[in-house]
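Asks: If you scroll down you'll find the structure; I have some questions about it.
The values are calculated or read from the model by the stated rules, or taken from the named source; none is laboratory data. All values derive from a computational prediction rather than experimental measurement. Cβ sites come from the backbone with ideal geometry, for glycine too, and all protein chains shown count toward neighbours.
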Amino acid sequence: MGTVRLFNQPIKLLYLLLLVAEASLLAASTYLGVYLRYLGNPEAIPDSVGPIAPRAVLFTAVMLLSLVAVGLYNRRLRDDLDGILIRLGLGFALGLTLLALVFYALPEMLLGRGALALALICAFVLLAINRAVFLKLLTQQHIRRRVLVLGAGKRAHPLSMLRRRSDLIGFSLVGYVPVKGDQVLIPERQLIRSSQPLSDLVARERIDQVVVAVDDRRQGLPMQELLTCRIQGVEVVDVLTFLEQETGKIRIDLLYPGWLTFSQGFHRGLLHDAAKRTFDIVVSLAMLVTTLPLMALTALAILVESRFRGPILYRQQRVGKGGRPFHVYKFRSMRTDAERDGKARWAEANDPRVTRVGRVIRRYRIDELPQIFNVLRGDMSFVGPRPERPEFVQGLQEKIPYYGERHQVKPGLTGWAQICYPYGASDADALEKLQYDLYYVKNHSLFLDLTILLQTAEVVLWSKGAR
């Protein structure tokens, strides 16, 4: 199974079908719960519950949002069935909490305690069975699309590094066809050496997709054969496009300007900008109202730990959209003399400069909450690449190609790199995170922003990448 584009976002068809199937199971569980509750007296349903359809839609929407928030639709999920059942339990606990809040605000949508309990039990059982079947399907070769790589050199080598189950969802690499001009870097056992025309080889191996990963296109690109494959219904894609779709990042080591120029993405416009700004304001105000008590407690804890002598907030210059500097606000999580020599440093694992309160608020990202005011001011967006300090940016732009392109959009409080990669504290980490940031710059949309926002909950719950 391949990839489809939805709201300017490449999405694995397998996960889209999983989402649709589980939405259907959740809706069916609502009806099942109600009918089981009134098994001996179905005539009482209209008076006791009311119309089931709107309640089924509400139940499905809330539960799906909760399951997304605990990472059950993350394509990098590597959990076995036991781990998935734990996430399901957490998702249902979160969903039940949200449903209680919704029912409090909208009492006319109440489902009834008995019917709701039965619906939750039915939903958990059905989704657990569905996930077991889904994990079994992932191991079935006959439902995977068969991929042939044209090339066996430098540009093909990153494909050979895709070995984990989460990397190979929905496809299997049949082999690599070496071409003239390539310095072969692929193990011999994975090579397909054939004197047949490429189109005949594709037909013989029942190939669904050809990935072009030729090092020197002037010598080794059989255009007529690729055209024949394309006409016969076989998908032909560049290796950069393939890796973008399968890994959610853009490989800097393979990137060339022509690919960026002609590939899909980079949508802009007044309507898009207005919608994103509206999204930022609405989400920020909602977060501000929700987290005000937590922010007050955090401020008090910082004051008490510092014996009412140190500042509560930390103000630091960062680089924003277009390379313009601005000051970001955070709760102070380090000692006041953390950089007394004036030299900027990355935060380290178990950094001794971090205070006791700081360790807690950094672990759960509470120290980032004052940046809501940066979003409301327009310095930042709620979702975008994380802003870096000017001292780091200057050095990284000199070392890493395309680094400046991440400043084409506003920096964010959370972002695609933050949910896909742990905290970065080196030039190598900055390079890896840039590949995710470029993916966001190229593919960003409100749909992707909402997806990132929901998956940020998983990062917080599992304390991923905190330092």
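Asks: What number of residues within region 381-411 satisfy the criterion of being within 15 Å of Arg318 (Cβ to Cβ), in contact with a helix residue (DSSP H, G or I) (Cβ under 8 Å, 6 or more places away or on another chain) and not in a helix (DSSP H, G or I)?
Replies: The total comes to 8.
Asks: Another one. From the list Glu405, Glu391, exactly one residue is surrounded by fewer than 16 Cβ atoms within 10 Å (Cβ to Cβ), farther than 17 Å from Asp273 by Cα and acidic (Asp, Glu). Which is it? Outline the logic, then answer.
Replies: Working: Glu405 fails: surrounded by fewer than 16 Cβ atoms within 10 Å (Cβ to Cβ).
Among Glu405, Glu391, only Glu391 is surrounded by fewer than 16 Cβ atoms within 10 Å (Cβ to Cβ), farther than 17 Å from Asp273 by Cα and acidic (Asp, Glu).
Asks: Suppose we keep only residues that are of a type in the set (Lys, Arg) and part of a strand (DSSP E or B) within region 109-152. Which one would you say is surrounded by the fewest Cβ atoms within 10 Å (Cβ to Cβ)? It would help to see each step written out before you state the result.
Replies: To start, the set of residues in region 109-152 that are of a type in the set (Lys, Arg) comprises 113, 131, 136, 144-146.
Filter once more, keeping what is part of a strand (DSSP E or B): 145-146.
Working: Arg145: 15, Arg146: 18.
Selected residue: Arg145.
Asks: Quick one: is Leu39 surrounded by fewer than 17 Cβ atoms within 10 Å (Cβ to Cβ), modelled with pLDDT under 95, under 33 Å from the mean Cα position of the chain (by Cα) and not β-branched (Val, Ile, Thr)? Show your work before the answer.
Replies: Numbers: surrounded by fewer than 17 Cβ atoms within 10 Å (Cβ to Cβ): yes; modelled with pLDDT under 95: yes; under 33 Å from the mean Cα position of the chain (by Cα): no; not β-branched (Val, Ile, Thr): yes.
Spelling it out, it is not the case that Leu39 is surrounded by fewer than 17 Cβ atoms within 10 Å (Cβ to Cβ), modelled with pLDDT under 95, under 33 Å from the mean Cα position of the chain (by Cα) and not β-branched (Val, Ile, Thr).
Asks: Give me the pairs: first residue in region 258-278 and farther than 17 Å from Ile452 by Cβ, second residue basic (Lys, Arg) and surrounded by 14 or more Cβ atoms within 10 Å (Cβ to Cβ), beta-carbon distance under 7 Å, and six or more apart or on different chains, which are they?
Replies: Sorted first by the residue in region 258-278, then by its partner, the pairs are Phe266/Lys442.
Asks: Scan region 49-61 and tell me whether some residue there is surrounded by 15 or more Cβ atoms within 10 Å (Cβ to Cβ), within 30 Å of Leu162 (Cβ to Cβ) and assigned by TED's automatic domain parsing to the domain that holds Glu108.
Replies: no
Asks: Only one of (1) touching a residue at least 24 places away in the same chain (Cβ under 8 Å); (2) not assigned by TED's automatic domain parsing to the domain that holds Leu227 is not met by Leu150, so which one is it?
Replies: It is condition (2) that Leu150 fails.
Asks: Please find, among Ile250, Ile231, the residue that is closer than 30 Å to Tyr364 by Cα and either in the same structural domain as Ile186 (by TED's automatic domain parsing) or not hydroxyl-bearing (Ser, Thr, Tyr) (or both).
Replies: Working: Ile231 fails: closer than 30 Å to Tyr364 by Cα.
The unique qualifying residue is Ile250.
Asks: Of Ile121, Ile186, Ile207, Ile192, which residue is within 25 Å of Arg76 (Cβ to Cβ) and β-branched (Val, Ile, Thr)? Let's see the steps before the verdict.
Replies: On the way: Ile121 fails: within 25 Å of Arg76 (Cβ to Cβ); Ile207 fails: within 25 Å of Arg76 (Cβ to Cβ); Ile192 fails: within 25 Å of Arg76 (Cβ to Cβ).
The unique qualifying residue is Ile186.
Asks: While we're looking at this one, here's another question. When region 358-376 is examined, which residues are found to be assigned to a loop (DSSP other than H, G, I, E, B), within 23 Å of the chain's Cα centre (by Cα) and either under 9 Å from Leu413 (Cβ atoms) or not hydroxyl-bearing (Ser, Thr, Tyr) (or both)? Full working, then the answer.
Replies: First pass over region 358-376, keeping only residues assigned to a loop (DSSP other than H, G, I, E, B): 364-365, 369-370.
Next cut, within 23 Å of the chain's Cα centre (by Cα) only: 364-365, 369.
Residues satisfying the conditions are Arg365, Leu369.
Asks: So, one more: Of the conditions (1) over 30 Å from Leu137 (Cβ atoms); (2) modelled with pLDDT of 95 or more, Val49 fails just one. Which one is it?
Replies: (2)
Asks: Does region 2-13 contain any residue that is of a type in the set (Phe, Trp, Tyr), in contact (Cβ under 8 Å) with a residue 12 or more places away in the chain and assigned to a helix (DSSP H, G or I)? Show your work before the answer.
Replies: Taking region 2-13 and keeping what is of a type in the set (Phe, Trp, Tyr), we get 7.
Then keep just the ones that are in contact (Cβ under 8 Å) with a residue 12 or more places away in the chain; that gives 7.
Subsequent filtering for residues that are assigned to a helix (DSSP H, G or I) retains none.
No, region 2-13 has no match at all.
Asks: State yes or no: is Asp79 outside any helix (DSSP H, G or I), assigned by TED's automatic domain parsing to the domain that holds Ala21 and among the acidic types (Asp, Glu)?
Replies: On the way: outside any helix (DSSP H, G or I): yes; assigned by TED's automatic domain parsing to the domain that holds Ala21: yes; among the acidic types (Asp, Glu): yes.
Spelling it out, Asp79 is indeed outside any helix (DSSP H, G or I), assigned by TED's automatic domain parsing to the domain that holds Ala21 and among the acidic types (Asp, Glu).
Asks: Another question, then. Would you mind stating whether Ser166 is more than 23 Å from Gln435 (Cβ to Cβ) and hydroxyl-bearing (Ser, Thr, Tyr)?
Replies: Values: more than 23 Å from Gln435 (Cβ to Cβ): no; hydroxyl-bearing (Ser, Thr, Tyr): yes.
Here the answer is no, as Ser166 does not meet what is asked.
Asks: What is the residue count in region 62-96 for residues that are under 19 Å from Leu118 (Cβ atoms) and surrounded by fewer than 15 Cβ atoms within 10 Å (Cβ to Cβ)?
Replies: Total satisfying the criteria: 2.
Asks: Let me ask something else about it. Please identify the pairs in which a residue from region 206-235 that is of a type in the set (Ser, Thr, Tyr) has its Cβ atom under 6 Å from the Cβ atom of a residue that is part of a strand (DSSP E or B) and surrounded by fewer than 18 Cβ atoms within 10 Å (Cβ to Cβ), counting only partners at least 6 apart or on another chain.
Replies: none
Asks: In region 39-49, which residues are outside any helix (DSSP H, G or I) and touching a residue at least 24 places away in the same chain (Cβ under 8 Å)? Spell out how you get there, then give the answer.
Replies: Our first condition is that a residue be outside any helix (DSSP H, G or I); within region 39-49, this holds for 39-41, 49.
Scanning region 39-49 gives a single hit, Val49.
Asks: From the list Leu162, Leu110, exactly one residue is aliphatic (A, V, I, L, M) and more than 30 Å from Cys420 (Cβ to Cβ). Which is it? Spell out the reasoning first.
Replies: Working: Leu162 fails: more than 30 Å from Cys420 (Cβ to Cβ).
Exactly one residue qualifies, and that residue is Leu110.
Asks: Now for a different question. For region 172-184, give me each residue that is in contact with a Gly (Cβ under 8 Å, 6 or more places away or on another chain) and surrounded by 15 or more Cβ atoms within 10 Å (Cβ to Cβ). Quick ask: steps written out before the conclusion?
Replies: From region 172-184, those in contact with a Gly (Cβ under 8 Å, 6 or more places away or on another chain) are 176-184; that's our starting set.
Result: Tyr176, Val177, Pro178, Val179, Gly181, Asp182, Val184.
Asks: Would it be correct to say that Arg307 is of a type in the set (Lys, Arg), assigned to a helix (DSSP H, G or I) and either touching a helix residue (DSSP H, G or I) at 6+ places or on another chain (Cβ under 9 Å) or not assigned by TED's automatic domain parsing to the domain that holds Tyr176 (or both)? Before you say what the answer is, go through the steps one by one.
Replies: Details: of a type in the set (Lys, Arg): yes; assigned to a helix (DSSP H, G or I): no; either touching a helix residue (DSSP H, G or I) at 6+ places or on another chain (Cβ under 9 Å) or not assigned by TED's automatic domain parsing to the domain that holds Tyr176 (or both): yes.
Criteria not met by Arg307.
Asks: Against the definition (hydroxyl-bearing (Ser, Thr, Tyr) and assigned to a loop (DSSP other than H, G, I, E, B)), how does Tyr31 come out, yes or no?
Replies: In short, no.
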